[in-house]
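Undergrad: So that we are looking at the same thing, I have put the structure below in structure tokens.
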Protein chains: 2
Amino acid sequence: MTGHAASREHIIALSGGVGGAKLALGLARIMPSESLTIIANTADDFVHFGLHISPDIDTVLYTLADLANPETGWGRRGETWEFMGAMGGLGGETWFNLGDRDLALHVLRTNKLNQGATLSDVTAEMAHVMGIHVDVMPMSNDPVRTMVRTGDGLLPFQHYFVRDRCEPSVTGFYFDGIDGARPHPKLMRHLISRDLGAIIICPSNPFVSVDPILQLNGVRNVLKETSAPIVAVSPIIGGRAIKGPAAKMMKELGMPVSALGVAGFYKDLVDGFVIDEEDEASAAEIEALGMSVLITRTFMQSLEDREALAAATLEFAASLGKH
Amino acid sequence: MTGHAASREHIIALSGGVGGAKLALGLARIMPSESLTIIANTADDFVHFGLHISPDIDTVLYTLADLANPETGWGRRGETWEFMGAMGGLGGETWFNLGDRDLALHVLRTNKLNQGATLSDVTAEMAHVMGIHVDVMPMSNDPVRTMVRTGDGLLPFQHYFVRDRCEPSVTGFYFDGIDGARPHPKLMRHLISRDLGAIIICPSNPFVSVDPILQLNGVRNVLKETSAPIVAVSPIIGGRAIKGPAAKMMKELGMPVSALGVAGFYKDLVDGFVIDEEDEASAAEIEALGMSVLITRTFMQSLEDREALAAATLEFAASLGKH
């Protein structure tokens, strides 16, 4: 994709937390801001102490605003924990860490939601005050909550993910509220627009970060009908997830823990799949699933890595253009 | 009052924030814990960022738990301000300071209130986890909100007190919700109990800390009929308020800024009035209002000062016993 194409055509990036946010940052840095919309998963959202927490939106915002904590993959850099210490002293739950600075976002958002703002209103306002120029929006303003089916029963996502440290063995997922949730209207408008250049599925967890977006009413149908290329970047490199439980989930679900496994999950949806050089040997098998493959460096350490992967992914998508 | 009397008879202490909490601590340290009930003013309460803030309850709790900040008179000792810094960065209001540790109490309380707990439930639970053994309870579980009549119009109390730093000239007060607010049932039970030993009005602001309690439905009537002595401790020493806007308010309301002025406010209600040695010259005039006077050191710097004033006040009350 040339710079010219990037400025003419709109790119939709579907993102979960840390890995997705890294690629979203790369895209934001190399694209005209008006040409990029980042759709964040909200099925990880939950209410804790009465506060509305949106982990993936927050990670995307903090990452784009250069406030993110690179060690944890969530929360803010240079965070302090006085609130949590006092909460423990008062007998409150302490399994979900909320940093003192991070808390400002949760308190402010919750207050605005309670006053009638939508999650996308608040997200846009927070992006604006953080100096973010690309559109960041929740997949939906309606609540969708990932429930994890495990050997220990059905667990709300954050209980599985944080409280139980992904230890229970996963047998499946259920997105509570998905049937009644409307995809964000701007997402649908972009997806049916003639200006749509590509849909990029960021290297996020396919099951709990990307699938909730895909399962929203009408999204899969629109994606199947769009003439714009759909490209996914593998979150698995050499059989490992860079961050989070994707690899463990794949194993427990009886899937190959590999880029090939992820490609199988996105079969019949994506036109192109981006894998790391380390997984070059899988390219033929992935192509046999009916998709093009780009082999490049997908492991993102530096800011330059993020920009390079973003550029390569955009160029790959442009090469797949159907119109 | 002897130790024997203290263990037999119940003491009710009416308290606002810092000055009242100091005497409440003195009482708590020298009395059997089951014999003392501290009633905290809640007309200063307000909702900020959707969080229920109860400044006087909190100051009493933090003071009794030895967590209070002695410099500010509010909040916790050794507090940090990362939340406020981040809030400012996100465009949130910053005129009301909420410390990182203090915030845990507001978040926990708000969540419990939203789940259906009463303010007294939450106050009792927080007192318990803080290791406080005396009963601390809000004057009412119903919302009462002090509105300050000023040259700038009617201001909610915290806007007058914190945001505007008590600068507007006061012409009066209105307690929004007072007509419908029920005094805490335990307060009324104690006030009509045969075990009632005394009512102590702590050295708090007469207008905005004590008067809301007195104006609750039925409280003044019960106080007029009780045989237990009612003793107030002057919050004014030598024409100055130790903390807060009491002296400024008295001046603006055209009252003498003195212990005598406060005594006049409590005329026909209290049986005894405790003044500082510095105000000894006013004793005769105060007695002429129809109340006994105790002259003692009322300025509380050390823990010993708090205990000594508490002991002197209890002894004074016992000497006024009508039964």
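Every number in this text was worked out from the coordinates using simple rules, so none of it is lab data. Just so it is clear, the structure is predicted and the values come from calculations on it, not from any experiment. Cβ placement follows ideal geometry from the backbone for every residue including glycine, while neighbour counts extend to all protein chains displayed.
Undergrad: Taking just the alpha-carbon atoms of region A:21-158, what radius of gyration and Dmax come out, in angstrom?
TA: Cα only, region A:21-158: 15.5, 49 Å (Rg, Dmax).
Undergrad: In addition: State the Cα centre-to-centre distance between region B:52-93 and region A:214-246 in whole Å.
TA: 46 Å
Undergrad: Averaging sequence separations of C-alpha pairs under 8 Å and six or more residues apart, then dividing by the length of chain B, give the relative contact order as a whole percent.
TA: Normalised by residue count, the contact order of chain B is 20 percent.
Undergrad: Oh, and also: Mind sorting B:Ile12, B:Ile295 by how few other Cβ atoms lie within 10 Å of their own Cβ, fewest first?
TA: B:Ile295, B:Ile12
Undergrad: I've got another one for you. Among the lysines, which have Cα under 18 Å from the Cα of B:Lys251 when same-chain residues fewer than 8 positions away are ignored?
TA: Partners found: B:Lys243.
Undergrad: What ranking do A:Thr171, A:Thr123 get, fewest neighbouring Cβ atoms within 10 angstrom at the top?
TA: Listing A:Thr171, A:Thr123 from fewest to most nearby Cβ atoms yields A:Thr171, A:Thr123.
Undergrad: Right, next: Select from A:Asn114, A:Thr37, B:Gly177 the residue farthest towards the positive end of the dipole of the protein assembly as shown; place +1 on Cβ of Lys and Arg, -1 on Cβ of Asp and Glu, and compute about the Cα centre.
TA: So the residue furthest toward the plus end is B:Gly177.
Undergrad: Oh, and also: Based on DSSP H assignment, which helices of chain B show an axial Cα extent of at least 20 Å together with a mean Kyte-Doolittle hydropathy greater than or equal to -1.0?
TA: Values: long enough: B:100-114 (21 Å, -0.64); B:303-319 (24 Å, 0.29).
Qualifying helices: B:100-114, B:303-319.
Undergrad: In vacuo Debye scattering of the protein assembly as shown, one point per C-alpha: log10 I(q)/I(0) at q = 0.05, 0.06, 0.08, 0.12 Å⁻¹?
TA: At q = 0.05, 0.06, 0.08, 0.12 Å⁻¹ the computed log10 ratios are -0.33, -0.45, -0.68, -1.09.
Undergrad: Near the axis that takes chain A to chain B, which A residue has its beta carbon closest, and at how many Å?
TA: In residue-and-Å form, the answer is A:Asp100, 2.
Undergrad: Tally Lys and Arg at +1 and Asp and Glu at -1 over the other residues with C-beta under 15 Å from the C-beta of A:Val219: what net charge comes out? Intermediate values should be presented prior to the final figure.
TA: Values: positive: A:Arg182, A:Lys186, A:Arg189, A:Arg220, A:Lys224; negative: A:Asp142, A:Asp179, A:Asp211, A:Glu225, A:Asp268.
Once positives and negatives cancel, what remains is 0.
Undergrad: Moving on to the next point. Hey, any idea what Rg/Rh is for region A:233-323, computing Rh the Kirkwood way over Cα pairs?
TA: Using only Cα positions, Rg/Rh for region A:233-323 is 0.96.
Undergrad: Something else now. What gaps in nm, shortest first, separate A:Gly78 from its twins in the other copies when you place the label 7 Å past Cα toward the beta carbon?
TA: Label point to label point, same position, other copies: 2.3 nm.
Undergrad: Neighbouring Cβ atoms within 10 Å as the yardstick, rank A:Ser33, A:Ser258, A:Ser193 fewest first.
TA: A:Ser33, A:Ser193, A:Ser258
Undergrad: Give, to the nearest whole percent, the P(r) tail of region B:186-235 beyond 17 angstrom, counting all Cα pairs.
TA: Tail fraction, whole percent: 33.
Undergrad: Another one. Which distances, in nm and shortest first, link the A:Glu225 label point to the same label point in every other copy, taking 7 Å along Cα→Cβ?
TA: 7.7
Undergrad: While we're looking at this one, here's another question. Can you list, shortest first in nanometers, how far B:Pro32 lies from the same residue in the other copies, with each label 7 Å from Cα toward Cβ?
TA: 8.2
Undergrad: Same structure again: How big is the dipole moment of region B:3-319 about its Cα centre under a simple scheme where the beta carbon of each Lys and Arg is +1, that of each Asp and Glu is -1, and everything else is neutral? Debye, nearest 20, please.
TA: Taking the Cα centre of region B:3-319 as origin, the dipole is about 420 debye.
Undergrad: Percent of alpha carbon pairs in chain A separated by more than 27 Å?
TA: When all Cα pairs of chain A are counted, 40 percent exceed 27 Å.
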